[in-house]
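Working notes for the structure below.
The values are calculated or read from the model by the stated rules, or taken from the named source; none is laboratory data. Just so we're clear, the structure is a prediction, and the values are computed from it rather than from any experiment. Neighbour counts run over all protein chains shown; Cβ positions are idealised from the backbone, glycine included. SASA here: full protein model, heavy atoms, side chains in, ligands and nucleic acids out. Shrake-Rupley method; radii C 1.70, N 1.55, O 1.52, S 1.80 Å.
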Amino acid sequence: MPDHTDRPGHTDRSDRPDRTDHRADGVTPGPGPSPETGADSDSDSDSSSDAGTGTGTSTDAGDDARAFRALLRGLRVWEGELPSFAPERAPGEPLPLFRQWLREAAEAGVPEPHTMSLATADAAGDPSVRIVMLHDADERGWHFGTHRDSRKGRELAARPRAALAFYWAAVGRQVRVRGTVTAASPEESAADLHRRSTGALAAALVGHQSAVLGSAAELARAADAAWARARREPDAPVPSWTLYVLRADEVEFFQGDQHRRQHVRLNYRRTEGGWRRELLWP
């Protein structure tokens, strides 16, 4: 069960000659779908492999694959004007810039700008990623919460390192954070949970995160009981709930450029003497 996080338009601008045609694959598209068939002009050789067999299986699959590729190639990004970013004027540490960018994303109308991708790995090194909610960002690091017996909790116990990624499409910005994760004390973890909403407490009380669910009815019963208890006991304990803090080794800020693809990447790298700033090629 997700750890109480909410999950994070097209305007024709073709009349603007100075505007790059940004597609999802990052390149200017080639020939589009054929008006007669709706398929790309570079059709796959397997599209007619079952012609005349009566099954139509490969043909249908080929049509679906071509339609899907056409959809991807036709999707556009960064339709609006994007803010500029002068890395030479960036602060000496990443935290003030991160707070500024998140605030500006919220002001630009980005939905749920406080949600982020959290990547962890298990003992064998196999990675997993999911969307979670940022609880805080301070001098200690980036804060998030989950059950310690959930999949990510177990993975963090085995390998206490993780990576975060924020993406704010409306402003063409992303922030990547990587570092070591530590668990806060039970007292701080409980305080973090009980500062949040009744719904967050209810979701935590349901528990069993990442375990196999027998049926939707079982979840409905557990959720109803959890909501009732959360309303009745706003300080109800959830022993498995844990606040985690990621202490960053690196924080990268990416600002997209919709005109010339001269994207700006500013990386902060922690050293013994403090933070080192460096520009990266896009």
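Residues considered: Ala67, Ala61. Of these, the only one that is more than 22 Å from Ala248 (Cβ to Cβ) and either surrounded by 15 or more Cβ atoms within 10 Å (Cβ to Cβ) or touching a strand residue (DSSP E or B) at 6+ places or on another chain (Cβ under 7 Å) (or both) is Ala61.
Conditions tested, residue by residue: (1) touching a helix residue (DSSP H, G or I) at 6+ places or on another chain (Cβ under 8 Å); (2) open to solvent by less than 40 Å² (accessible area, probe 1.4 Å).
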site	(1), (2)
Leu213	yes, no
Glu218	no, no
Trp241	yes, yes
Asp249	no, no
Asn267	no, yes
Leu279	yes, no
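Apart from one condition, Ala162 fits all of (1) touching a strand residue (DSSP E or B) at 6+ places or on another chain (Cβ under 8 Å); (2) farther than 26 Å from Arg99 by Cβ; the exception is (2).
When restricted to residues that are open to solvent by 30 Å² or more (accessible area, probe 1.4 Å) and touching a Gly at 6+ places or on another chain (Cβ under 8 Å), region 251-265 contains 1. The single condition among (1) in a helix (DSSP H, G or I); (2) farther than 13 Å from Trp168 by Cβ; (3) modelled with pLDDT of 85 or more that Ser84 does not meet is (1).
Put simply, of Leu118, Leu95, Leu102 the only residue that is outside any helix (DSSP H, G or I) and closer than 16 Å to Val175 by Cα is Leu118.
Scanning region 123-142 for residues that are among the small types (Gly, Ala, Ser) and surrounded by 14 or more Cβ atoms within 10 Å (Cβ to Cβ) gives Ala137, Gly141.
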